[in-house]
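Novice: I am attaching a structure below and will ask some questions about it afterwards.
Read-outs: derived from the displayed coordinates by stated rules, not from any lab. Predicted model, so just to flag it, every value in this text is computed and none were measured. Cβ atoms come from the backbone with ideal geometry, glycine included; neighbour counts cover every protein chain shown.
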Amino acid sequence: MTVRARPWLNRVHPYEPGRPSLNSDGSMASNESPIGTSPEVAVAVSAALSGVHRYPDPLADELRKELASQHGVHPDQILVGNGSDELIYLLAWAFLAHGGRAVCADPPYRIDEISTFVVDARLNKVPLKDWAHDLDAMSQVEADVAYIVNPHNPTGTAHSRAEIEGFVELSRAALVVVDEAYIDFTDDPEQTTVMPLAREGDVVVLRTLSKVYALAGLRVGYMVASRDVVTTLRKIRPPFSVGALAQAAALAAVRDNAHRQRVRDHVLRLRGEVTCLVQQAGYLAVPSQANFVLVEVPDELAFVAHLASHGIEVRPGSVLGLPGTVRISVPSDSGLALLRRALSSKPGKAR
């Protein structure tokens with residue numbers, strides 16, 4: 001007998017990750033931190049090694065307490081996951097499975113789309129307006145879950161807290177999920193985050209430690225939500241999905257505010273430099289509030305190949321749902337020098 005995959009999985013197109021460069025300074029495809037983790041992370045991981053023969057804390061209680069203190073919520077409003085991607089899958093399983101309806105931007109963050117299809121739910125993708133979520137149009141869509149990625153990936157555009165609060169009031173979705181993976185790189189995080197709404201249980205906020213905390217290789221994310229939502233997801237969450245070393249690293253990272261600020265300062269400075277470089281080369285750069293810049297190019301394949309010939313890997317827009325663009329992650333200072341040299345001899349003619 002041959003086992004057959006469930007037919008709705010035919011809608012799923014696998015996620016295509018960014019390609020790393022042989023030279024780490026040229027790796028500009030995956031929105032990773034170019035300056036690494038807090039020095040405290042290595043110390044914490046080394047100390048935790050002696051306990052790896054034991055199972056990790058199933059709920060990451062110490063980390064939850066630290067995050068709860070920082071966000072002014074009860075620890076029971078926080079759920080830690082194996083990256084925020086695991087939490088997105090849990091949300092889909094709990095609130096969308098077998099015929100549920102979700103709404104998101106078009107293009108979406110791919111995991112929102114993939115997880116919806118995996119659980120045999122329907123997805124309404126609303127085209128962007130001026131490179132950003134069309135909140136007015138999205139609010140009119142009846143759905144079980146509405147996904148807002150703020151700042152948006154892959155465009156880097158962001159809505160203010162007031163705009164998202166207006167969306168939440170008008171939305172016909174039962175649950176609004178706001179993914180704030182890149183919130184630390186906005187010009188004014190306090191006026192952009194909707195954490196106050198999550199504090200009251202009105203929305204779900206997703207955060208990741210892969211970006212400003214530079215723990216992409218350890219896979220740690222968390223959500224802040226109502227206790228009811230967290231309780232539901234705890235029923236179906238794998239009990240040990242976040243390892244002991246990842247928990248130790250995460251706790252050390254979130255306690256090092258000075259390093260977090262250094263990463264933020266670097267991104268804001270270099271983001272401006274990258275934007276200037278591509279504009280001077282004659283290309284249109286979408287104004288970004290994230291740690292990457294989306295660039296319109298006349299020949300996507302030629303542009304990507306040209307940068308690759310200079311040791312730089314970027315993300316082709318076609319795999320992100322935006323053909324005719326490339327996404328360039330904010331690099332290190334040395335990476336910026338590579339980019340400057342590559343753009344000084346660009347292929348073809350810019351627009």
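Novice: Relative contact order, percent, of segment 1-121 when contacts are C-alpha pairs under 8 Å separated by at least 6 residues?
Specialist: 28
Novice: Using the alpha-carbon centroid of each, what span in Å lies between segment 279-324 and segment 10-68?
Specialist: Rounded to whole Å, the Cα centres lie 26 Å apart.
Novice: Follow-up. Between Asn124 and Arg341, what FRET efficiency follows from the Cβ-Cβ distance if R0 is 51 Å, with the result rounded to 0.05?
Specialist: 0.70
Novice: Quickly work out the Lys65-to-Asn257 label distance, labels modelled 7 Å from Cα along the C-beta direction, and quote it in nm with one decimal.
Specialist: 2.0
Novice: Next up: At 7 Å along the Cα-to-beta-carbon direction for both Thr2 and Ile236, put a label point, then send me their distance in nm to one decimal.
Specialist: 3.0
Novice: When you count, for each residue, the other Cβ atoms within 10 Å and take the mean per peptide, how do 42-52, 174-184, 113-123, 280-290 rank with the highest first?
Specialist: Most protected by this proxy first, the peptides run 174-184, 113-123, 280-290, 42-52.
Novice: Taking 0.36 nm per residue of separation and subtracting the Cα-Cα distance, what length does fully extending Val12 through Asp76 add?
Specialist: That pair, Val12 and Asp76, stretches by 19.7 nm at full extension.
Novice: Follow-up. How high is the relative contact order of segment 39-255, in percent, counting Cα pairs under 8 Å that sit 6 or more residues apart?
Specialist: That works out to 28 percent.
Novice: Right, next: Modelling each spin label as a point 7 Å along the Cα-to-Cβ direction, I'd like the Glu200/Ala97 distance in nm, to one decimal.
Specialist: 3.2
Novice: Karplus couplings for segment 197-207 from phi (6.51 cos²θ - 1.76 cosθ + 1.60, θ = phi - 60°), rounded to Hz, Gly and Pro as x?
Specialist: The phi angles translate into 6, 5, 4, 8, x, 7, 9, 9, 10, 9, 10 Hz.
Novice: Assuming a viscosity of 0.692 mPa s and a temperature of 37 °C, what translational diffusion coefficient in µm² per second does Stokes-Einstein assign to segment 39-255, Rh being the Kirkwood radius over Cα pairs?
Specialist: 188
Novice: Enumerate by residue number the chymotrypsin sites (Phe, Trp or Tyr not before Pro) in segment 195-268 meeting two conditions: DSSP loop (anything except H, G, I, E, B), and at most 14 other Cβ atoms within 10 Å of the site's Cβ.
Specialist: Passing sites in segment 195-268 are Phe240.
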